[in-house]
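Colleague: Below is one structure. I have some questions about it.
Values in this text are rule-based calculations from the coordinates and carry no lab data. Please read all numbers here as calculations on a predicted model, not as lab measurements. Positions of Cβ are backbone-derived with ideal geometry, glycine not excepted, and every protein chain shown enters the neighbour counts.
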Amino acid sequence: MMANPTHTKAMVVAGTHSGCGKTTLSLGIMAALAARGLKVAPFKVGPDFIDPGHHAAITGVNSTNLDGWMLSREHNQGNFFRKASGFDVAVVEGVMGLFDGSCANSEDGSTAQMAKWLDLPVVLVVDAASMARSAAALVQGFEQFDPDLKFAGVIFNNLGSKAHLSYLEQALSTYTNMACLGAILRNEQLRIPERHLGLVTAQDHMIDAEMIDRLKFKIEEQIDLDALISKLPSILTSDNSQKTKTLKPNVRIGVARDRAFCFYYCENLELLEQQGAELVFFSPLQDTNLPQDLDGLYLGGGYPELHARRLSENKALRQAILEQSCRGMPIYGECGGFMYLCSRLTDVEANSYAMCGCFDFETKMQPKLRTLGYREITLTQNTILGDKGITARGHEFHYSDICTAENGASYRSVYKVTSRRTKEPLSQGYLNNKTLGSYVHLHFASQPQIPKHFTGSCRHYQQKRENQR
């Protein structure tokens, strides 16, 4: 039996397809609930980094990724109920369309699968621009597609007028059992800008007080929030005393975090802290020196290509990272962090910028997407993340390519990488000294040995440094 259980209202906000407005609606609902004085726990289905950043900007709470392919059902359930504990409402933003997942003939990795795993009702967002009676046919199809799925109701988006909403409500009540919870009229001021990796990040497009006010006002004005809340179940959550035991901090890991490096699964950082890591954040854009007494470095993904000139001009920090790499400090870089660890970065205008030089690779931005999808890696050698043979799961999404190593240098390829759809070899992981880099964003919870092994590698380096003093 759970100790000191708490009750939390919870919902999943899902769309009929990508781009229908589910992120804007999710943010608006979070903002409106928070404005009512409710504590909101945000979650995001899928491997995305950008939406969780906006969730955190709205709620003041780190958003947790839930994923049916990278993580087990048990882990997703345990993580959700633990993170929702102590909050009034949990809002889970879906991914892509409601039934879209990692393959075409099953629900694996979909929002629908996650909603059923968590036993939560779905708020369906429908972009009904230029639609009338056909909207009812669309909703009817979603309603009947999976009888095991529960719905709280429909929110229409991008409508032209209140008369348009009235027409849709009539069609919905005639042909479906779904309640209409309201609609958002077309409003360009609520649109979040986009760029090549998706929505602009919270760091670059801050959701300021004015934007939050617009979001919550539109939700309160045009959505029946009271009716929505009344339809939500109260889930039973355990109190936070059942969290995994955290070791006393005994190793310092520098984490690059600024506008260029902002893609981290919050759970990755939490897992490192549970293994005794003190995380010390620094900015490769602004800091000219690394924090003192570090035992390791973690450089996540982001947009180094948008800040390549400033990163290159900060020669002192680039040199400091290269020196630590040559000394054998455990350094892990993924995607954008990996690009920064390479020798050069060339943008789409063919401007070339010097990077850290831990790997003699050049990365070049391309005008089109190079790869996108889930990845499973198997370590082919012992590394700072684990021993040979262990597997982990993650995601890959980038517009750049690796070019041939300068000076003919070669590095040990230490990953066997496969996608969900094929077992053909894909992007690699490269090891030089104790520096490991790859395009793959790993979710550490897919392989618990990773945070344990990485912090262990950092402790070994710490002892080595102390012995040399």
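Colleague: Any idea what log10 I(q)/I(0) is at q = 0.23, 0.25 Å⁻¹ for the stretch 81-143, Debye with uniform C-alpha scatterers and no solvent?
Modeller: -1.04, -1.12
Colleague: I would also like to ask the following. On C-alpha positions alone, give me the angle between the axis of helix 134-145 and the longest principal axis of the chain, in degrees, nearest 10.
Modeller: Approximately 70 degrees, to the nearest 10.
Colleague: Convert each backbone phi in the stretch 167-174 into a coupling constant with the Karplus relation 6.51 cos²θ - 1.76 cosθ + 1.60 (shift: θ = phi - 60°), then list the ³J(HN,Hα) values in order as whole Hz, x for Gly and Pro.
Modeller: Once θ is set to phi - 60°, the couplings for the stretch 167-174 become 5, 5, 4, 4, 5, 5, 5, 7 Hz.
Colleague: Another one. Taking amide H positions as placed in the peptide plane 1.01 Å from N, state which residues far from His398 in sequence (5 or more) or on other chains have amide H under 5 Å from it.
Modeller: Arg370, Thr371
Colleague: Kindly give Rg over Rh for the chain, based on alpha-carbon atoms, with the Kirkwood expression for the hydrodynamic radius. Please list the in-between numbers first.
Modeller: Details: Rg = 23.2 Å, Rh = 23.4 Å.
Radius of gyration relative to Kirkwood radius: 0.99.
Colleague: Based on the alpha-carbon gyration tensor of the stretch 7-240 and its eigenvalue square roots a ≥ b ≥ c, which shape applies: rounded if a/c is under 1.5, prolate if not and a/b is larger than b/c, or oblate? Working shown, then result.
Modeller: Working: a/c = 1.39, a/b = 1.15, b/c = 1.21.
Note, shape of the stretch 7-240 comes out rounded.
Colleague: Sorted by mean Cβ packing within 10 Å, highest first, what order do the peptides 179-187, 365-373 take? Display every interim value, and only then the final one.
Modeller: Numbers: 179-187: 18.4, 365-373: 12.8.
Descending mean neighbour count gives 179-187, 365-373.
Colleague: Then there is this: How long are the semi-axes of the equivalent ellipsoid of the stretch 12-84, defined as square roots of 5 times the Cα gyration tensor eigenvalues? Whole Å, largest first. Mind showing how you got there, number by number?
Modeller: Working: eigenvalues 80, 53, 20 Å².
With the √(5λ) rule applied to the stretch 12-84, the semi-axes are 20, 16, 10 Å.
Colleague: Can you work out D for the stretch 247-468 in µm² s⁻¹ from Stokes-Einstein, where Rh is the Kirkwood radius over C-alpha pairs, the temperature is 37 °C and the viscosity is 0.692 mPa s?
Modeller: On the way: Rh = 17.2 Å.
Value of D from the Cα-based Kirkwood radius: 190 µm²/s.
Colleague: Indicate, rounded to the nearest 5 percent, the antiparallel portion of the DSSP beta bridges found entirely in the chain.
Modeller: Details: 37 of 87 bridges.
Taking every DSSP beta bridge within the chain, about 45 percent pair in antiparallel fashion.
Colleague: Counting just the Cα atoms, what span does the stretch 35-122 cover along each of its three principal axes? Round to the nearest Å and put the largest first.
Modeller: Projected onto its principal axes, the Cα set of the stretch 35-122 covers 42, 23, 21 Å.
Colleague: Can you tell me the Rg and the Dmax, both Å, for the Cα atoms in the stretch 280-330?
Modeller: 11.0, 30
Colleague: Further question on the same structure: Could you work out, for the stretch 290-415, what percent of all Cα-Cα pairs fall into each 5 Å distance bin, beginning at 0 Å and stopping at the bin that holds the largest distance?
Modeller: Using 5 Å bins, I get a P(r) of 2, 10, 18, 23, 22, 15, 8, 2, 0 for the stretch 290-415.
Colleague: Just the ratio, please: alpha-carbon radius of gyration of the stretch 249-341 over 2.2 N^0.38 Å, N its number of residues. Write out the running numbers ahead of the final one.
Modeller: Values: Rg = 12.4 Å, N = 93, 2.2 N^0.38 = 12.3 Å.
With N residues counted in the stretch 249-341, Rg over 2.2 N^0.38 Å equals 1.01.
Colleague: From the phi angles alone, apply the Karplus equation (6.51, -1.76, 1.60; θ = phi - 60°) to the stretch 449-459 and give each ³J(HN,Hα) in whole Hz, x where the residue is Gly or Pro.
Modeller: Per residue, the Karplus-derived 3J(HN,Hα) values read 5, 5, x, 5, 6, 5, 5, x, 4, 5, 5 Hz.
Colleague: Straight-line reach from Lys216: which aspartates and glutamates have Cα under 20 Å away, leaving out those fewer than 8 places along the same chain?
Modeller: Hits, sequence-local ones excluded: Asp51, Asp88, Glu93, Asp127, Glu188, Asp208, Asp224, Asp226.
Colleague: Looking at Phe261, Thr371, Leu279, which one has the Cα that reaches farthest to the positive end of the dipole of the stretch 247-468 (charges on Cβ: Lys, Arg +1; Asp, Glu -1)?
Modeller: Toward the positive end, the furthest listed residue is Thr371.
Colleague: What ³J(HN,Hα) values, in whole Hz, does the Karplus curve 6.51 cos²θ - 1.76 cosθ + 1.60 give for the stretch 122-129 when θ = phi - 60°, with x put for Gly and Pro?
Modeller: Result, ordered by residue: 9, 9, 8, 9, 10, 7, 9, 4 Hz.
Colleague: Okay, next question. Just from its helices, what would the mean residue ellipticity at 222 nm be for the chain, if runs of 4 or more DSSP H residues each count -39500 (n - 2.57) and the sum is divided by every residue, rounded to the nearest 500 deg cm²/dmol? If you can, show how the numbers build up before the last one.
Modeller: Values: 13 runs with 145 residues, N = 469.
My calculation for the chain gives -9500 deg cm²/dmol from helical runs alone.
Colleague: Give the long-range amide H neighbours of Thr383: residues separated by 5 or more places, or on another chain, with amide H under 5 Å away, using H modelled in the peptide plane at 1.01 Å from N.
Modeller: Long-range HN contacts for Thr383: Lys388.
Colleague: Would you mind pulling out the separation of the Cα centroids of the stretch 293-315 and the stretch 91-164, in Å?
Modeller: Rounded to whole Å, the Cα centres lie 39 Å apart.
Colleague: Here's a follow-up. Please tell me which of these pairs span more than 18 angstrom C-alpha to C-alpha: Lys9/Lys162; Lys245/Lys388; Lys150/Lys218; Lys315/Lys368; Lys116/Lys231? Working shown, then result.
Modeller: On the way: Lys9/Lys162 30 Å; Lys245/Lys388 27 Å; Lys150/Lys218 26 Å; Lys315/Lys368 30 Å; Lys116/Lys231 16 Å.
Violating the 18 Å limit, Cα to Cα: Lys9/Lys162; Lys245/Lys388; Lys150/Lys218; Lys315/Lys368.
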